[in-house]
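The values are calculated or read from the model by the stated rules, or taken from the named source; none is laboratory data. Note that the coordinates shown come from a computational prediction; the quantities given were computed from them, not determined experimentally. Counting neighbours? That spans all protein chains shown, and the Cβs are built from the backbone with ideal geometry, glycine included. Areas reflect the complete protein model, heavy atoms only, side chains present, ligands, DNA and RNA absent. Shrake-Rupley method; radii C 1.70, N 1.55, O 1.52, S 1.80 Å.
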Amino acid sequence: MKGLSRIQAIFSKELTQLKRDKMTFGMVIMIPLIQLMLFGFAINTNVRHIPAGIVDYSQTGLSRILIQTIGATQVVKFSQQYMNVDQAEAAIARAEIRAVLVIPKDVSQRLARHPTVGLGSPPSSDEETSRAIAQWVVDGSDTMIAAAIKSLRYMPLAELLNKPVNRSTPTFEVTLLYNPEQRTAVNIVPGLVGIILTMTMIMFTSAAIVRERERGNLEMLITTPVRPIELMLGKIIPYMFIGALQVAIILGLGYVVFNVPFNGGLWQLAGATLMFIAASLVLGLVISTLAKNQLQATQMTIFVLLPSILLSGFVFPYEGMPELAQRIAEILPATHFMRLVRGVILRDVEIIDMRYDMIWLALFTAIGLAIASFRFKKNLD
Amino acid sequence: MNDYVIKASNLSRNFGDIKAIQGLDLNVEKGRIYGFLGPNGCGKTTAIRLLTGLLKPSAGEIQVLGFTLPRDAQKLRLHIGYMTQKFSLYDDLTVQENLGFIAKIYGLSGRAKRQRIDELISTYGLEQTTQQLAGTMSGGQRQRLALAAATLHKPELLFLDEPTSAVDPENRRDFWEKLFDLSDQGASILVSTHYMDEAERCHKLAILETGIKRADGSPETLMEEMGAHVVEVASSDLRQLKQSLLVIPEVITAAQLGARLRVLLKNTVADPLAFLRQQKNIAPEDTLSLVRPSLEDVFVTCTGKSRQLSKAS
Ligand SMILES: Nc1ncnc2c1ncn2[C@@H]1O[C@H](COP(=O)(O)OP(=O)(O)O)[C@@H](O)[C@H]1O
Ligand SMILES: [Mg+2]
């Protein structure tokens with residue numbers, strides 16, 4: 001088979017060049033390493049220790065106990081005292097603090113009348129008795145922070161008064177599967193496999209062909225009997241190995257450093273990952289046939305990378321997105337891989353049960369390869 | 001019919017408003033070294049790309065080795081070799097790796113591949129550099145490597161685009177020896193150049209200017225049939241003489257060559273020596289001699305722009 005030997009020629013040439021290109025080779029290792037550390041440690045959807053201030057108009061023992069109790073939840077960290085609300089709001093504007101707790105003069109009376117404390121007086125429906133005991137003023141621009149403070153709204157107050165804690169029976173019981181400790185890393189690390197593969201695979205292949213054009217190698221290549229499809233396959237196969245290496249780095253470190261469990265089958269993971277790597281590589285090839293130079297190739301890579309990070313379900317749940325965003329997300333290979341990899345790693349799903357995503361990745365690869373081979377003309381026009 | 005390896009008629013190629021090639025007719029005989037001579041930007045590279053099927057013509061017909069272009073470009077590829085103007089092998093591969101890659105692309109493997117590569121390495125004097133990265137080699141070495149790669153599959157027809165532009169004179173001579181060897185072995189060669197001495201070595205050549213073929217033929221014929229006389233004048237004040245001669249309509253150009261002035265006269269002048277004698281700045285003791293035209297004279301005579309350039313300078 002002449003075709004096969006030509007693919008092999010391009011493949012081994014590509015490997016030799018990669019071996020010499022210390023920068024790219026370093027990126028192959030460093031990108032997953034550094035990104036994993038950054039994302040793994042930095043992304044945390046359990047917001048804690050929000051810097052907060054206090055405006056205490058009552059200055060009583062009770063107000064101090066209230067402050068201590070709230071501090072003990074670790075949601076906020078009180079760092080500043082302010083004389084009045086205006087000063088506190090100015091501090092929020094300067095971003096010294098993100099929220100301020102305003103304790104009114106009559107906090108003791110309000111507490112006494114508060115229904116959850118229930119000091120014997122029958123629950124009343126009049127204005128006086130249904131008032132909150134204090135007020136939070138929050139920098140609402142960040143919805144995560146706002147939500148964290150809002151979660152304090154119905155904080156139990158009984159322990160404030162040294163009353164036996166009267167634990168009420170919850171309406172619902174909640175059982176958390178797969179990530180009972182609610183550690184963000186468990187969700188982030190498998191997803192990161194998808195993001196890093198999107199980034200490196202698309203970048204490497206899109207640059208690989210554009211570089212040949214820029215350096216003039218393509219003019220020589222296209223006067224040889226190499227066919228476009230052979231060139232394309234020869235170019236992407238080495239990167240499949242690189243992709244596999246990166247996955248091993250991310251999941252291995254994820255297991256060691258972030259204690260991310262690996263519940264699924266290795267072959268299931270390999271199947272899903274190879275499918276996704278192929279789809280990303282082919283996308284890179286399509287970009288390389290569109291881009292005129294390496295800068296354009298990089299720009300187009302970012303154009304794909306950003307929605308892959310934001311819409312794929314990597315950070316924000318897919319279900320929470322508006323329909324249009326969901327439609328866009330469905331086009332991106334990263335979205336499908338995100339489902340597959342979390343399914344396999346966290347929930348031990350077989351990929352055959354997620355065949356919709358697998359088929360979609362396969363289709364994407366086939367169509368992309370056809371487009372790239374078609375667009376890659378063997379002339380300089 | 002089949003004596004011609006390249007036949008092109010009325011070939012044109014535009015890039016937007018730029019007419020890179022206009023109405024080019026070309027017949028290249030088998031087994032010959034055919035030259036494209038012309039200044040930068042005259043369309044040499046474009047012509048070669050059209051003849052190798054890398055570019056599609058805007059108009060005109062091309063037949064190369066009996067294949068009709070651009071339709072049969074893919075079939076033609078096995079039979080031609082192309083050495084690009086800019087080095088187009090891989091800078092980050094060694095000589096051995098570059099040749100190995102090309103060999104595999106052309107379907108050679110195992111012993112046949114090794115033999116052919118060893119053969120090329122010794123033919124082109126690359127023994128010392130087999131493990132050297134192509135990007136770190138000298139201009140001459142890179143050029144020999146490129147020629148080795150272009151001839152690896154023993155093509156019948158070889159296109160060489162300014163192969164000696166980055167090479168010192170000694171290497172240029174050696175390189176032409178290699179071309180004659182290839183020609184003796186039966187290959188047809190089309191080579192572009194902007195060096196007169198190289199053009200003179202070709203069996204036949206075409207002089208190109210701004211995409212138009214101004215003349216073609218063997219260097220000897222071109223020189224003999226040039227429509228001009230060449231007179232060398234030895235005189236005391238060459239600069240002033242040159243200025244006064246250039247205003248005469250019959251004078252095509254005058255260029256100083258050491259202690260002499262080389263004057264090209266239109267061949268409408270019957271007796272060039274007598275004609276010049278009558279001119280005012282020629283002193284009786286000055287010597288005038290009719291000399292054999294050089295290829296440069298041919299080039300200057302038949303390219304409009306260069307004549308103006310020469311007159312101006
Ligand atoms: N790809 C291209 N796009 C636009 N103009 C081009 C292109 N290639 C060549 N040209 C123009 O065509 C003319 C001939 O160029 P070229 O064939 O490279 O000349 P040469 O090889 O003799 O130096 C020049 O004016 C050049 O600018
Ligand atoms: Mg050129």
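Which percent, nearest 5, of DSSP beta bridges in chain B are antiparallel? Approximately 70 percent, going by the DSSP bridge assignments. By how many degrees, 0 to 90 and rounded to 10, does the Cα axis of helix B:110-123 deviate from the longest principal axis of chain B? The answer is roughly 20 degrees.
Pairs of alpha carbons in the range B:226-312 separated by more than 16 Å make up 46% of all such pairs. Computed over protein heavy atoms with a 1.4 angstrom probe, the accessible surface ordering of A:Ser58, B:Ser236, largest first, is B:Ser236, A:Ser58. In the protein assembly as shown, the inverse of the mean reciprocal separation of distinct Cα atoms equals 32.3 Å; this is its Kirkwood hydrodynamic radius. GNM remark for chain A: springs join alpha carbons under 10 Å apart, and the peak mean-square fluctuation among A:Leu62, A:Leu231, A:Leu363 falls on A:Leu62.
Estimated from helical segments only, the mean residue ellipticity of chain A at 222 nm is -20000 deg cm²/dmol, where each DSSP H run of four or more residues counts as -39500 (n - 2.57). Considering helices alone, the calculated mean residue ellipticity of chain B at 222 nm is -10000 deg cm²/dmol, with DSSP H runs of length four and up weighted by -39500 (n - 2.57) and normalised per residue. Estimate the FRET efficiency between A:Ala95 and A:Leu177 by the formula 1/(1 + (r/R0)^6), using the beta-carbon distance for r and 45 Å for R0, to the nearest 0.05. Computed FRET efficiency for A:Ala95 and A:Leu177: 0.70.
Springs join every pair of Cα atoms under 10 Å in this Gaussian network model of chain A, and among A:Ala334, A:Ala244, A:Ala93 the largest mean-square fluctuation is at A:Ala93. With viscosity 1.306 mPa s and temperature 10 °C, the Kirkwood radius over alpha carbon pairs of the range A:4-52 converts through Stokes-Einstein to a diffusion coefficient of 112 µm²/s.
Between B:Asp197, B:Asp161, B:Asp237, which gets the highest mean-square fluctuation from a Gaussian network model of chain B, Cα cutoff 10 Å? Fluctuation is largest for B:Asp237. Summing charges over all other residues whose Cβ lies under 14 Å from the Cβ of B:His203, with Lys and Arg as +1 and Asp and Glu as -1, gives -3.
Computed over chain A, relative contact order equals 19 percent, with contacts defined as Cα pairs under 8 Å that lie 6+ residues apart. Assuming R0 = 25 Å, can you tell me the calculated FRET efficiency for the pair A:Ser141 and A:Val85, based on Cβ-Cβ distance, to the nearest 0.05? The value I calculate is 0.85. How far is helix B:95-105 tilted, in degrees, relative to the longest principal axis of the Cα atoms in chain B, given as a value from 0 to 90 rounded to the nearest 10? For helix B:95-105, the angle is close to 70 degrees. The lysines whose alpha-carbon is closer than 27 Å to the alpha-carbon of A:Lys377, local same-chain residues fewer than 8 away aside, are A:Lys2, A:Lys13, A:Lys235, A:Lys292, B:Lys7, B:Lys19, B:Lys44, B:Lys56, B:Lys75, B:Lys86, B:Lys104, B:Lys154. Under the membrane-span-like helix rule (DSSP H runs whose alpha carbons stretch at least 30 Å along the helix axis, mean Kyte-Doolittle hydropathy -1.0 or higher), chain A yields A:184-215, A:228-257, A:266-290. Scaled to the globular estimate 2.2 N^0.38 Å, the Cα spread of the range B:4-218, given as radius of gyration, is 1.00. When A:Leu4, B:Leu89 are compared by accessible area of protein heavy atoms, the largest-first order is A:Leu4, B:Leu89, using a 1.4 Å probe. Sorting the Cα pairs of the range A:248-381 by distance into bins of 10 Å, from 0 upward, gives 12, 35, 35, 15, 3, 0 percent per bin. Computed over the alpha-carbon pairs of chain A, the distance histogram in 10 Å steps reads 5, 19, 22, 17, 14, 11, 7, 4, 1, 0 percent, short to long.
Using the Cβ-Cβ distance between A:Gln59 and A:Asn263 with R0 = 60 Å, the FRET efficiency computed as 1/(1 + (r/R0)^6) comes to roughly 0.65. Its Cα gyration tensor gives the range B:136-295 an equivalent ellipsoid; the semi-axes, largest first and in whole Å, are 41, 18, 12. Along its principal axes, the range B:166-241 has C-alpha extents of 51, 29, 24 angstrom, given from the largest down. Here's how it looks for B:Glu209: its modeled amide H is under 5 Å from those of B:Arg214, which are all 5 or more places away or on a different chain.
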